[in-house]
Number of protein chains: 2
Amino acid sequence: MPSEFDIIERFFKKSVPNEIVGIGDDAAIILASQTIEFAISTDTLVSGKHFFPDTDPYQLGFKSLAVNLSDMAAMGAKPRWSLLALTLPKNLTGNDNPWLSNFSKGFFDLANSYQVALIGGDTTSGPLNINVQIIGEIKRGKALRRNNAQADDDIWISGQLGNAALALRHERQHIILPLEEKTRCLTALLMPSARVELGQRLVDLAHSAIDISDGLAADLSHILKASEKAACINIDDVPCSPFVKENLSQPLIRQCLLAGGDDYELCFTAPEENRNAIASLGIELNVSLTRIGKILTGNQLIIEDSQGRSISLDNKGYDHFIS
Amino acid sequence: MPSEFDIIERFFKKSVPNEIVGIGDDAAIILASQTIEFAISTDTLVSGKHFFPDTDPYQLGFKSLAVNLSDMAAMGAKPRWSLLALTLPKNLTGNDNPWLSNFSKGFFDLANSYQVALIGGDTTSGPLNINVQIIGEIKRGKALRRNNAQADDDIWISGQLGNAALALRHERQHIILPLEEKTRCLTALLMPSARVELGQRLVDLAHSAIDISDGLAADLSHILKASEKAACINIDDVPCSPFVKENLSQPLIRQCLLAGGDDYELCFTAPEENRNAIASLGIELNVSLTRIGKILTGNQLIIEDSQGRSISLDNKGYDHFIS
């Protein structure tokens, strides 16, 4: 069975006119005026695939926009407008059912906090399917792309990885997290923070960026493939919560950090001379920013531990057609 | 149970910044530059709701774009870019299954004929759900809106109505169409012609427009509500195929013409002084354009026959949450 990426590559990737970034980045770019580009992206959440059918609709409304804001963050774009295509089973649309009201509240609470307007959409009945499109603005030529990582760039990660993956394992009763950790991880899973301000501020500091939705290994590999570069990262430098480091088994930690998915943190590459500026930006925005490795010439992703031992990873990331 | 329109009105219609057409027209409008606006729209097709599960994937790919092109036509915009969010059941994505290849061919055959680029999307697994977003260009301030019908405007219809509704009744074996009619009606249902050129040429001739997707009565009512106007139309002037007029019962004809849905023809209103120019445009584009009534002051939709008898219609149109 082909993967999501195979399907796009085989059936839907066609050449597009000049000056446009087409399929294959976090968002497409179209020229709006002589000085402004629009970044456009769409993400679908499917019941039973991306969320449990009984997920709180407020959180679902919030997350359906958050995952799209994250694509804008990865491009360095300022999100401006959104459209919402909702396919709803009839049991959710009864007059007495607060589902839609709560979903809408979650969506708008996040939209309003970024002054993103909901300008259109479509509503139909069928199995629950939530599709959001987002449009952001960016100065012409400034978008953070996947294909511009340079040899010797530092590789940076915002925030912590693996929390959403741990929450999922807790929900599936594969592990049991103590209350505080559980709350923190569930928030990361259900109401992720898109790094919208960070992305916009990185456009003059970073060479390339991606948001980590499928897992660090898979998403960093997208940068490497598009940029025709290699990378070496130190797994022990990848940021995670102290609880995780102290209490969970090393294979589980590595699985969650490298292939967890649903992190919605940014992975970006930047020249060494911008280290201080990036560190200062992290302090200003109150976002931890961590260097985890280097971009190299070649085409491999090398993952090592602090002792220089090579780590192999069977399941590189989250793919909707394999998982 | 609330209708699709109630849901949008209650939960998702919020005020948006100046100079933007938000929820409630065929497309939203955002300002791209000092002289250009972008029209943006999205439409979802759900298996078992908008199409039979065994629909030919080539036709489905074609139609999923066509219904979005029709929204651009209704705004008078030139379609430029599209995004495709596909939710696919696993049985359609097997390596030996030609479904995706045929779907993609249908989509691109239509896209290429209008030079519409597919610039992004999302692919995930789940119950079949096809969502297309489209972005078109239009000169600033020129978009055809629903809210600008003027008293004494002529009401015009492009092409013929009711063909898709008849095809559906044939497929459900409620009626039996002879082969030639069946072919014609099925083409209207499965591979509708969006009136893209017509829409763009109407921006200097028409006051308001909508595409007929939910049925003439429902869609004309959207213009009347948005424009705060009334209308009177003559049901006997509404264009349909000669076969229909000669062979089908009057109640069935009226039901199909007024509430059929899936026509994707344009309904537009224009001042009387543009009658000749509009007639010439129809000849130039080889599209029949028919006057069916007048816009009036007030707030009612009056439907009469050629004898001046009032027609009442129980089921005004197609609504995904009622039908």
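The values are calculated or read from the model by the stated rules, or taken from the named source; none is laboratory data. In this text, all values refer to a predicted model and were calculated from it rather than measured experimentally. Note: ideal-geometry Cβ built from the backbone for every residue, glycine included; neighbour counts use all protein chains shown. Calculation scope for accessible area: heavy atoms of the full protein, side chains included, ligands and nucleic acids excluded. Shrake-Rupley method; radii C 1.70, N 1.55, O 1.52, S 1.80 Å.
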Note to self: Given the criterion open to solvent by 10 Å² or more (accessible area, probe 1.4 Å) and within 10 Å of chain B (Cβ to nearest Cβ), identify the matching residue among A:A85, A:A111, A:A117.
What the structure shows: A:A117
Next item on the list: Could you check, for segment B:263-275, whether at least one of its residues is away from chain A (no Cβ under 14 Å), open to solvent by less than 70 Å² (accessible area, probe 1.4 Å), at pLDDT 95 or above and part of a helix (DSSP H, G or I)?
Entry: yes
Check: Restricting attention to segment B:88-108, and to residues there that are over 27 Å from the mean Cα position of the chain (by Cα) and at the interface with chain A (Cβ under 9 Å from one of its Cβ atoms), which single residue is least open to solvent (accessible area, probe 1.4 Å)?
Finding: B:T93
Note to self: Report every pair of residues separated by at least 6 positions or lying on different chains whose Cβ atoms are under 6 Å apart, first residue within segment A:71-96 and free of Cβ contacts under 8 Å to residues at least 60 places away in the same chain, second part of a helix (DSSP H, G or I) and surrounded by fewer than 24 Cβ atoms within 10 Å (Cβ to Cβ).
What the structure shows: A:L92/A:W99
Next item on the list: Mind telling me which of the residues A:D96, A:D122 ends up being over 22 Å from A:N68 (Cβ atoms) and outside any helix (DSSP H, G or I)?
Entry: A:D96
Next item on the list: Could you grab me the full set of residues in segment A:250-262 that are in contact (Cβ under 8 Å) with a residue 12 or more places away in the chain and in a helix (DSSP H, G or I)?
Entry: A:L252, A:I253, A:R254, A:Q255, A:C256, A:L257, A:L258, A:A259
Notebook entry, point to check: Mind checking which residues of segment B:192-249 are among the polar types (S, T, N, Q) and part of a helix (DSSP H, G or I)?
Noted result: B:Q200, B:S221, B:S227, B:N247
Check: Would you pick out the residues in segment A:36-82 that are in a strand (DSSP E or B), within 11 Å of chain B (Cβ to nearest Cβ) and basic (K, R)?
Finding: A:R80
Checklist line | Of all residues making up segment B:48-78, the number that are open to solvent by 10 Å² or more (accessible area, probe 1.4 Å) and of a type in the set (S, T, N, Q) | finding: 2
Next item on the list: Might you let me know whether segment A:154-163 holds any residue that is without any contact (Cβ under 8 Å) to a residue 24 or more places away in the chain and in the same structural domain as A:G298 (by TED's automatic domain parsing)?
Entry: no
Check: Out of (1) surrounded by 15 or more Cβ atoms within 10 Å (Cβ to Cβ); (2) not in a strand (DSSP E or B), what's the single condition that is false for A:S280?
Finding: (1)
Checklist line | Among (1) within 15 Å of the chain's Cα centre (by Cα); (2) open to solvent by 30 Å² or more (accessible area, probe 1.4 Å) - the single one B:G215 does not satisfy | finding: (2)
Next item on the list: Kindly indicate the residue of segment B:1-19 that is open to solvent by 30 Å² or more (accessible area, probe 1.4 Å) and over 22 Å from the mean Cα position of the chain (by Cα) and also modelled with the highest pLDDT among those meeting that condition.
Entry: B:R10
Check: Looking at A:D236, is it within 21 Å of A:E4 (Cβ to Cβ) and not assigned by TED's automatic domain parsing to the domain that holds A:M75?
Finding: no
Item checked: A:N131 vs. criteria of a type in the set (S, T, N, Q), open to solvent by 10 Å² or more (accessible area, probe 1.4 Å) and not in a helix (DSSP H, G or I) -> no
Next item on the list: State whether the residues of segment A:252-260 include one that is modelled with pLDDT of 95 or more, over 27 Å from A:D109 (Cα atoms), open to solvent by 20 Å² or more (accessible area, probe 1.4 Å) and not β-branched (V, I, T).
Entry: no
Margin query: Any residue at all in segment A:142-164 that's of a type outside the set (S, T, N, Q), within 13 Å of chain B (Cβ to nearest Cβ) and assigned to a strand (DSSP E or B)?
Written below: no
Check: (1) open to solvent by less than 10 Å² (accessible area, probe 1.4 Å); (2) facing chain B (nearest Cβ under 7 Å); (3) more than 19 Å from the chain's Cα centre (by Cα): which one isn't true of A:D122, the others all being true?
Finding: (1)
